[in-house]
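Participant: What follows is a structure written as C-alpha coordinates; I'll ask about it next.
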Amino acid sequence: MTLEVEGLGIGGLVRDVSFGIERGERVGLIGESGSGKSLTALSIMGLLPEELAASGSVKLDGRELLGASEKELSRLRGNEMSMVFQEPMTALNPAMRVGAQVAEPLRIHRGGRNHRAAAEALLDSVGLPETSRAYPHQLSGGQRQRVILAIALANDPKLLICDEPTTALDVTVQAQILDLILDGVRERECALLFITHDLAVVASVCERVLVMLDGEIVESGTTREVLTAPQHDYTKKLLAASDLEASR
Ligand SMILES: Nc1ncnc2c1ncn2[C@@H]1O[C@H](COP(=O)(O)OP(=O)(O)O)[C@@H](O)[C@H]1O
Ligand SMILES: [Mg+2]
(Lines give C-alpha, C1' and ligand atoms only; values in the text may rest on other atoms or scores of the structure.)
(Ligands and ions follow the chains in the order given, each with its own letter.)
Protein backbone atom coordinates (compact mmCIF):
# COMPACT_ATOMS: atom_id res chain seq x y z
CA MET A 1 0.00 0.00 0.00
CA THR A 2 1.45 3.37 -1.00
CA LEU A 3 -0.66 5.42 1.39
CA GLU A 4 -2.23 4.07 4.56
CA VAL A 5 -4.31 6.39 6.74
CA GLU A 6 -5.62 4.90 9.98
CA GLY A 7 -7.78 6.50 12.63
CA LEU A 8 -6.78 9.99 11.53
CA GLY A 9 -8.09 12.73 13.75
CA ILE A 10 -7.47 16.46 13.37
CA GLY A 11 -8.33 18.67 16.32
CA GLY A 12 -11.91 17.32 16.49
CA LEU A 13 -12.59 18.62 12.95
CA VAL A 14 -11.68 15.29 11.31
CA ARG A 15 -12.52 12.08 13.15
CA ASP A 16 -11.39 8.48 12.74
CA VAL A 17 -10.63 8.66 9.03
CA SER A 18 -9.15 5.47 7.56
CA PHE A 19 -8.35 4.53 3.97
CA GLY A 20 -5.56 3.23 1.81
CA ILE A 21 -4.35 3.87 -1.74
CA GLU A 22 -2.38 1.29 -3.70
CA ARG A 23 0.32 2.09 -6.19
CA GLY A 24 -1.25 3.40 -9.40
CA GLU A 25 -4.70 3.63 -7.82
CA ARG A 26 -6.85 6.76 -8.16
CA VAL A 27 -9.09 7.55 -5.22
CA GLY A 28 -11.57 10.42 -5.03
CA LEU A 29 -12.45 12.27 -1.83
CA ILE A 30 -15.75 14.08 -2.12
CA GLY A 31 -17.97 15.98 0.26
CA GLU A 32 -19.41 19.38 0.97
CA SER A 33 -17.33 22.45 1.63
CA GLY A 34 -16.11 22.34 5.23
CA SER A 35 -16.34 18.55 5.57
CA GLY A 36 -12.60 18.17 6.23
CA LYS A 37 -11.20 17.16 2.83
CA SER A 38 -8.42 19.74 2.67
CA LEU A 39 -7.40 19.21 6.29
CA THR A 40 -7.11 15.48 5.59
CA ALA A 41 -4.86 16.21 2.60
CA LEU A 42 -2.76 18.76 4.47
CA SER A 43 -2.21 16.35 7.37
CA ILE A 44 -0.83 13.74 4.97
CA MET A 45 1.61 16.31 3.57
CA GLY A 46 2.58 17.50 7.05
CA LEU A 47 1.22 20.95 6.21
CA LEU A 48 -1.48 21.43 8.83
CA PRO A 49 -1.69 24.88 10.37
CA GLU A 50 0.28 24.94 13.62
CA GLU A 51 -2.79 25.25 15.82
CA LEU A 52 -4.16 21.92 14.57
CA ALA A 53 -2.69 18.61 15.67
CA ALA A 54 -3.19 15.27 13.91
CA SER A 55 -3.55 11.93 15.68
CA GLY A 56 -3.68 8.38 14.38
CA SER A 57 -1.41 7.10 11.65
CA VAL A 58 -0.42 8.15 8.13
CA LYS A 59 2.06 5.89 6.37
CA LEU A 60 3.73 6.45 3.02
CA ASP A 61 5.24 3.21 1.76
CA GLY A 62 5.19 1.92 5.33
CA ARG A 63 6.89 4.97 6.86
CA GLU A 64 4.97 6.82 9.57
CA LEU A 65 4.52 10.50 8.69
CA LEU A 66 2.60 11.76 11.72
CA GLY A 67 5.19 13.03 14.14
CA ALA A 68 7.99 12.87 11.55
CA SER A 69 10.49 15.72 11.83
CA GLU A 70 10.19 18.76 9.57
CA LYS A 71 13.52 17.74 8.06
CA GLU A 72 12.20 14.30 7.12
CA LEU A 73 8.93 15.78 5.77
CA SER A 74 10.71 18.32 3.60
CA ARG A 75 12.82 15.49 2.19
CA LEU A 76 9.58 13.75 1.16
CA ARG A 77 7.52 16.74 -0.05
CA GLY A 78 7.99 17.53 -3.72
CA ASN A 79 9.84 14.26 -3.99
CA GLU A 80 7.95 11.18 -2.80
CA MET A 81 4.67 13.07 -2.32
CA SER A 82 3.35 16.21 -3.96
CA MET A 83 0.23 18.29 -3.75
CA VAL A 84 -1.58 20.45 -6.28
CA PHE A 85 -3.85 23.15 -4.86
CA GLN A 86 -6.86 24.93 -6.30
CA GLU A 87 -5.25 28.28 -6.96
CA PRO A 88 -2.05 27.98 -9.03
CA MET A 89 -0.95 31.63 -8.71
CA THR A 90 -0.45 31.40 -4.96
CA ALA A 91 1.73 28.31 -5.38
CA LEU A 92 4.06 29.98 -7.90
CA ASN A 93 6.75 32.56 -7.29
CA PRO A 94 5.71 35.63 -9.32
CA ALA A 95 9.31 36.84 -9.66
CA MET A 96 10.82 33.63 -11.03
CA ARG A 97 10.68 32.23 -14.57
CA VAL A 98 8.60 29.06 -14.71
CA GLY A 99 11.47 26.96 -16.10
CA ALA A 100 13.52 27.75 -13.00
CA GLN A 101 10.52 26.90 -10.79
CA VAL A 102 10.11 23.51 -12.45
CA ALA A 103 13.86 22.92 -11.96
CA GLU A 104 13.63 23.71 -8.21
CA PRO A 105 12.39 20.31 -6.99
CA LEU A 106 15.07 18.64 -9.16
CA ARG A 107 17.79 20.83 -7.68
CA ILE A 108 16.53 20.43 -4.11
CA HIS A 109 16.08 16.66 -4.16
CA ARG A 110 18.61 15.48 -6.74
CA GLY A 111 21.31 18.08 -6.24
CA GLY A 112 23.40 19.57 -9.03
CA ARG A 113 22.67 22.77 -10.87
CA ASN A 114 21.85 22.30 -14.47
CA HIS A 115 18.33 20.96 -14.73
CA ARG A 116 17.29 23.20 -17.58
CA ALA A 117 16.80 20.42 -20.12
CA ALA A 118 14.84 18.28 -17.67
CA ALA A 119 12.64 21.24 -16.74
CA GLU A 120 11.97 21.97 -20.41
CA ALA A 121 11.04 18.32 -20.99
CA LEU A 122 8.64 18.46 -18.05
CA LEU A 123 7.03 21.64 -19.37
CA ASP A 124 6.80 19.95 -22.77
CA SER A 125 5.03 16.98 -21.19
CA VAL A 126 2.30 19.22 -19.80
CA GLY A 127 1.79 20.91 -23.17
CA LEU A 128 3.90 24.00 -22.52
CA PRO A 129 6.81 23.86 -24.97
CA GLU A 130 9.05 26.94 -25.15
CA THR A 131 7.55 28.38 -22.01
CA SER A 132 10.45 28.09 -19.59
CA ARG A 133 11.40 31.77 -19.82
CA ALA A 134 7.88 33.03 -19.09
CA TYR A 135 6.84 34.51 -15.76
CA PRO A 136 3.63 33.25 -14.10
CA HIS A 137 1.69 36.47 -14.78
CA GLN A 138 2.27 36.00 -18.51
CA LEU A 139 0.37 32.70 -18.44
CA SER A 140 -3.34 31.87 -18.24
CA GLY A 141 -4.82 30.11 -15.19
CA GLY A 142 -4.83 26.79 -17.04
CA GLN A 143 -1.21 27.23 -18.12
CA ARG A 144 -0.22 28.04 -14.53
CA GLN A 145 -1.90 24.88 -13.31
CA ARG A 146 0.08 22.96 -15.97
CA VAL A 147 3.27 24.44 -14.53
CA ILE A 148 2.19 23.39 -11.03
CA LEU A 149 1.56 19.88 -12.29
CA ALA A 150 5.02 19.76 -13.91
CA ILE A 151 6.54 20.83 -10.58
CA ALA A 152 4.49 18.27 -8.63
CA LEU A 153 5.45 15.43 -10.96
CA ALA A 154 9.10 16.45 -11.47
CA ASN A 155 10.54 13.84 -9.11
CA ASP A 156 8.07 11.06 -10.00
CA PRO A 157 6.29 11.06 -6.62
CA LYS A 158 4.71 7.90 -5.24
CA LEU A 159 1.71 9.92 -4.09
CA LEU A 160 0.03 12.88 -5.77
CA ILE A 161 -2.71 14.77 -3.95
CA CYS A 162 -4.88 17.14 -5.97
CA ASP A 163 -7.17 19.42 -3.97
CA GLU A 164 -9.86 20.84 -6.28
CA PRO A 165 -7.22 21.33 -9.00
CA THR A 166 -9.64 22.53 -11.67
CA THR A 167 -12.26 24.35 -9.61
CA ALA A 168 -10.84 27.79 -10.39
CA LEU A 169 -10.56 27.11 -14.15
CA ASP A 170 -12.88 27.50 -17.14
CA VAL A 171 -14.84 24.36 -18.00
CA THR A 172 -13.05 23.85 -21.32
CA VAL A 173 -9.67 24.06 -19.62
CA GLN A 174 -10.73 21.73 -16.79
CA ALA A 175 -10.93 18.67 -19.05
CA GLN A 176 -7.43 19.30 -20.43
CA ILE A 177 -5.95 19.55 -16.96
CA LEU A 178 -7.75 16.39 -15.84
CA ASP A 179 -6.31 14.53 -18.84
CA LEU A 180 -2.82 15.73 -17.97
CA ILE A 181 -3.22 14.62 -14.37
CA LEU A 182 -4.40 11.20 -15.55
CA ASP A 183 -1.52 10.89 -18.04
CA GLY A 184 0.99 12.01 -15.42
CA VAL A 185 -0.09 9.55 -12.73
CA ARG A 186 -0.55 6.64 -15.15
CA GLU A 187 2.92 7.09 -16.59
CA ARG A 188 4.46 7.06 -13.11
CA GLU A 189 2.02 4.68 -11.41
CA CYS A 190 1.47 7.28 -8.69
CA ALA A 191 -1.18 6.75 -6.06
CA LEU A 192 -3.64 9.62 -6.57
CA LEU A 193 -5.85 11.23 -3.94
CA PHE A 194 -8.21 13.51 -5.81
CA ILE A 195 -10.37 15.96 -3.88
CA THR A 196 -13.36 17.50 -5.59
CA HIS A 197 -16.98 18.39 -5.02
CA ASP A 198 -17.74 17.57 -8.67
CA LEU A 199 -19.11 14.04 -9.05
CA ALA A 200 -18.70 14.11 -12.83
CA VAL A 201 -14.99 14.71 -12.31
CA VAL A 202 -14.80 11.80 -9.86
CA ALA A 203 -16.56 9.59 -12.38
CA SER A 204 -13.99 10.39 -15.06
CA VAL A 205 -10.85 10.31 -12.91
CA CYS A 206 -11.26 7.92 -9.97
CA GLU A 207 -11.61 4.17 -9.54
CA ARG A 208 -12.66 4.40 -5.92
CA VAL A 209 -14.33 7.12 -3.94
CA LEU A 210 -14.58 8.19 -0.30
CA VAL A 211 -17.46 10.36 0.83
CA MET A 212 -16.82 12.74 3.69
CA LEU A 213 -19.44 14.43 5.82
CA ASP A 214 -18.77 16.64 8.80
CA GLY A 215 -15.25 15.30 9.42
CA GLU A 216 -15.97 11.61 8.91
CA ILE A 217 -15.96 9.18 6.00
CA VAL A 218 -19.57 8.06 5.71
CA GLU A 219 -19.33 5.93 2.59
CA SER A 220 -16.69 4.36 0.36
CA GLY A 221 -16.55 1.97 -2.55
CA THR A 222 -15.77 1.72 -6.22
CA THR A 223 -16.81 4.80 -8.16
CA ARG A 224 -19.42 2.73 -9.96
CA GLU A 225 -20.92 1.41 -6.71
CA VAL A 226 -21.05 4.77 -5.00
CA LEU A 227 -22.36 6.71 -7.99
CA THR A 228 -24.95 4.19 -9.12
CA ALA A 229 -26.09 2.71 -5.79
CA PRO A 230 -25.29 5.20 -3.04
CA GLN A 231 -26.00 3.88 0.46
CA HIS A 232 -25.78 6.93 2.67
CA ASP A 233 -28.50 9.60 2.55
CA TYR A 234 -25.87 12.29 2.15
CA THR A 235 -24.37 10.57 -0.91
CA LYS A 236 -27.86 10.18 -2.39
CA LYS A 237 -28.43 13.90 -1.94
CA LEU A 238 -25.07 14.76 -3.50
CA LEU A 239 -25.89 12.60 -6.48
CA ALA A 240 -29.39 13.98 -6.87
CA ALA A 241 -27.96 17.49 -6.92
CA SER A 242 -25.39 16.66 -9.60
CA ASP A 243 -25.61 16.53 -13.38
CA LEU A 244 -24.83 12.81 -13.24
CA GLU A 245 -28.28 12.00 -11.94
CA ALA A 246 -29.86 13.51 -15.02
CA SER A 247 -27.64 11.50 -17.35
CA ARG A 248 -28.37 8.14 -15.70
N1 LIG B 1 -6.82 26.47 10.97
C2 LIG B 1 -8.06 26.10 11.30
N3 LIG B 1 -8.51 26.28 12.57
C4 LIG B 1 -9.76 25.92 12.92
N5 LIG B 1 -10.65 25.37 12.07
C6 LIG B 1 -10.26 25.17 10.80
C7 LIG B 1 -8.96 25.52 10.36
N8 LIG B 1 -8.86 25.19 9.04
C9 LIG B 1 -10.06 24.68 8.70
N10 LIG B 1 -10.90 24.66 9.75
C11 LIG B 1 -12.28 24.14 9.76
O12 LIG B 1 -12.22 22.74 9.54
C13 LIG B 1 -13.33 22.31 8.76
C14 LIG B 1 -12.85 21.52 7.57
O15 LIG B 1 -12.13 22.38 6.70
P16 LIG B 1 -11.56 21.88 5.30
O17 LIG B 1 -10.73 20.65 5.49
O18 LIG B 1 -10.86 23.05 4.68
O19 LIG B 1 -12.87 21.52 4.50
P20 LIG B 1 -13.08 21.16 2.96
O21 LIG B 1 -11.74 21.10 2.29
O22 LIG B 1 -13.80 19.84 2.94
O23 LIG B 1 -13.94 22.25 2.40
C24 LIG B 1 -14.11 23.57 8.39
O25 LIG B 1 -15.19 23.67 9.28
C26 LIG B 1 -13.12 24.69 8.62
O27 LIG B 1 -13.77 25.86 8.98
MG1 LIG C 1 -11.02 22.25 0.70
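Participant: At 1.4 Å probe size, with no ligands or nucleic acids counted, give the accessible surface of SER220 in Å², nearest ten.
Facilitator: About 70 Å², rounded to the nearest 10.
Participant: Can you put GLU25, GLU72 in order of accessible area, largest first, using a 1.4 Å probe? Don't skip to the end; give the middle numbers.
Facilitator: Details: GLU25 30, GLU72 55 Å².
Solvent-accessible surface, decreasing: GLU72, GLU25.
Participant: If I model a spin label at ALA53 and ARG75 as a point 7 Å from the Cα along the Cα→Cβ vector, what separation in nanometres do I get?
Facilitator: 2.5 nm
Participant: Once you have the Kirkwood Rh of the chain from its Cα pairs, apply Stokes-Einstein at 4 °C and 1.567 mPa s and quote D in µm²/s.
Facilitator: Values: Rh = 18.5 Å.
Answer from the Stokes-Einstein relation: 70 µm²/s.
Participant: Based on Cβ point charges of +1 for Lys and Arg and -1 for Asp and Glu, what charge dipole magnitude is obtained for the stretch 89-154 about its Cα centre, in debye rounded to the nearest 20?
Facilitator: Numbers: 8 positive and 4 negative charges, 36 e Å.
Value, rounded to 20: 180 debye.
Participant: Counting only the heavy atoms of the protein chains, how much of LYS59 is accessible to a 1.4 Å probe, in Å² to the nearest 10?
Facilitator: Only protein atoms counted, so the area is about 80 Å².
Participant: In square angstrom, what is the accessible area per residue of the chain with a 1.4 angstrom probe?
Facilitator: Details: 11780 Å² over 248 residues.
Spelled out: the 1.4 Å probe surface of the chain, per residue, equals 48 Å².
Participant: Report the accessible area of GLU32, computed with a 1.4 Å probe over the heavy atoms of all protein chains in place, in Å² rounded to the nearest 10.
Facilitator: Accessible area of GLU32: about 110 Å².
Participant: Is the stretch 89-154 best put as rounded, prolate or oblate by its Cα gyration tensor, with a ≥ b ≥ c the root eigenvalues, rounded for a/c under 1.5, and otherwise prolate when a/b is larger than b/c, oblate when not? Let's see the in-between values first.
Facilitator: Details: a/c = 1.68, a/b = 1.44, b/c = 1.17.
In terms of gyration-tensor shape, prolate.
Participant: With labels modelled as points extended 7 Å from the Cα through the Cβ direction, what inter-label distance (nm, one decimal) is found for GLN138 paired with ALA68?
Facilitator: Result for the modelled spin labels: 3.6 nm.
Participant: Another question, then. Once you list every other residue whose beta carbon is under 13 Å from the beta carbon of ALA103, what net charge do they have if Lys and Arg are +1 and Asp and Glu are -1?
Facilitator: Cβ neighbours under 13 Å give a net charge of +4.
Participant: A follow-up question, please. Per-residue ellipticity at 222 nm for the chain, helices alone: DSSP H runs ≥ 4 residues times -39500 (n - 2.57), over residue total, nearest 500 deg cm²/dmol? Intermediate values should be presented prior to the final figure.
Facilitator: Values: 11 runs with 100 residues, N = 248.
Here the helix-only value at 222 nm equals -11500 deg cm²/dmol.
Participant: Moving to a separate point now. What's the extension gain from ASP233 to ASP124 if we count 0.36 nm per residue and subtract their Cα-Cα distance?
Facilitator: The ASP233-ASP124 span can extend by a further 34.8 nm.
Participant: Dipole of the stretch 1-87, Cα-centred, from +1 at each Lys and Arg C-beta and -1 at each Asp and Glu C-beta, to the nearest 20 debye? Walk me through the numbers on the way to the answer.
Facilitator: Values: 9 positive and 14 negative charges, 29 e Å.
Magnitude of the dipole: close to 140 debye.
Participant: Just by accessible area at a 1.4 angstrom probe, what is the order of TYR135, TYR234 from largest to smallest?
Facilitator: Numbers: TYR135 65, TYR234 20 Å².
Heavy-atom accessible area, descending, gives TYR135, TYR234.
The values are calculated or read from the model by the stated rules, or taken from the named source; none is laboratory data. From a predicted model like this one, the values you see are computed outputs, not experimental measurements. Note: ideal-geometry Cβ built from the backbone for every residue, glycine included; neighbour counts use all protein chains shown. These area figures cover heavy atoms from the full protein model, side chains too; ligands, DNA and RNA do not enter into them. Shrake-Rupley method; radii C 1.70, N 1.55, O 1.52, S 1.80 Å.
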